[in-house]
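The values are calculated or read from the model by the stated rules, or taken from the named source; none is laboratory data. As the structure is a computational prediction, the values presented were derived from the model and not from experiment. Glycine gets a Cβ as well: all are built from the backbone with ideal geometry, and neighbour counts include every protein chain shown.
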Amino acid sequence: MPDGSSAKKIKLLLTAALCGAGIVFLALYFTDLEIADIKNWIKYWTDEIQTWPAILFFLMVALLPLIGFPISPLFIIAGIRFGGAWAIPFSLAALAVNLTLAHWISTKLLHSTIQRIASKWDYDIPKVGHENAKKWVLVIRLCGAPLAVQNYILGLSYVPFWPYLWVSLVAQAPVVIGIIIFGESFLTGNVGKALLGLAVLVIALVAVSFLKKRYAQPKPGSVDTAGG
């Protein structure tokens, strides 16, 4: 069974979908809008997005989350632009670039600055060695914090790069896939695929609940900045 945190996320996800449907219903009932108007508006934006250059999306996913921009809307946009089959590997590749840049920034470029900021907020970030690197990355990826916060915490922990990268991608891939399928299908009117994407997200959250219970007590090792 999902724990309290994951159950809340599942309820929030379902509530958001129901609220979206409710807003559309109210807009149709109390205004002069018609379903055709909403379809035309959605079609306009999906057509507009599909004219944007591919490199723009890659840079958006790779760079914007570094400054705290939410990454989920970018995955939805990528799904609209490329379709699910291409958007998934494209988004994961851009995410890998984002994770690589965040690791370099937090361990090399701005490590001392970020450490001072963390100290002001009384964050005690442990230094992690090879023996516990994979487990620590998984624990942070399951904590529910924004992506940028997760990345910089892991960088401050001196997590070796390769465990940081591949565990992060494995942990986030199901959510990325679910968001792309759900968002792209919902906005393009394919209700069946939208429900499939929603199911993937729910399964991912249930899996997160299980893993959080199993890895709730991380035991970081000593400082070890060598690559994994």
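Brief remarks follow.
- Where helices (runs of 4 or more DSSP H) fall wholly inside the range 77-152, the ranges with 3 or more residues that are buried (at least 19 other Cβ atoms within 10 Å of the Cβ) are 84-104, 130-141.
- Inclusion of VAL159 among residues that are β-branched (Val, Ile, Thr), within 27 Å of VAL61 (Cα to Cα) and part of a loop (DSSP other than H, G, I, E, B) is warranted.
- From the list ILE181, ILE177, the lone residue that is closer than 21 Å to ILE76 by Cα, aliphatic (A, V, I, L, M), assigned to a helix (DSSP H, G or I) and over 12 Å from the mean Cα position of the chain (by Cα) is ILE181.
- The residue that is farthest from the chain's Cα centre (by Cα), among those in the range 152-174 that are closer than 18 Å to THR113 by Cβ and free of Cβ contacts under 8 Å to residues at least 60 places away in the same chain, is LEU156.
- Residues being in contact with a helix residue (DSSP H, G or I) (Cβ under 8 Å, 6 or more places away or on another chain) and at pLDDT below 85 - total across the range 77-114: 5
- Scanning the range 61-76 for residues that are within 14 Å of LEU101 (Cα to Cα) and surrounded by fewer than 19 Cβ atoms within 10 Å (Cβ to Cβ) returns LEU63, LEU64, LEU66, ILE67, GLY68.
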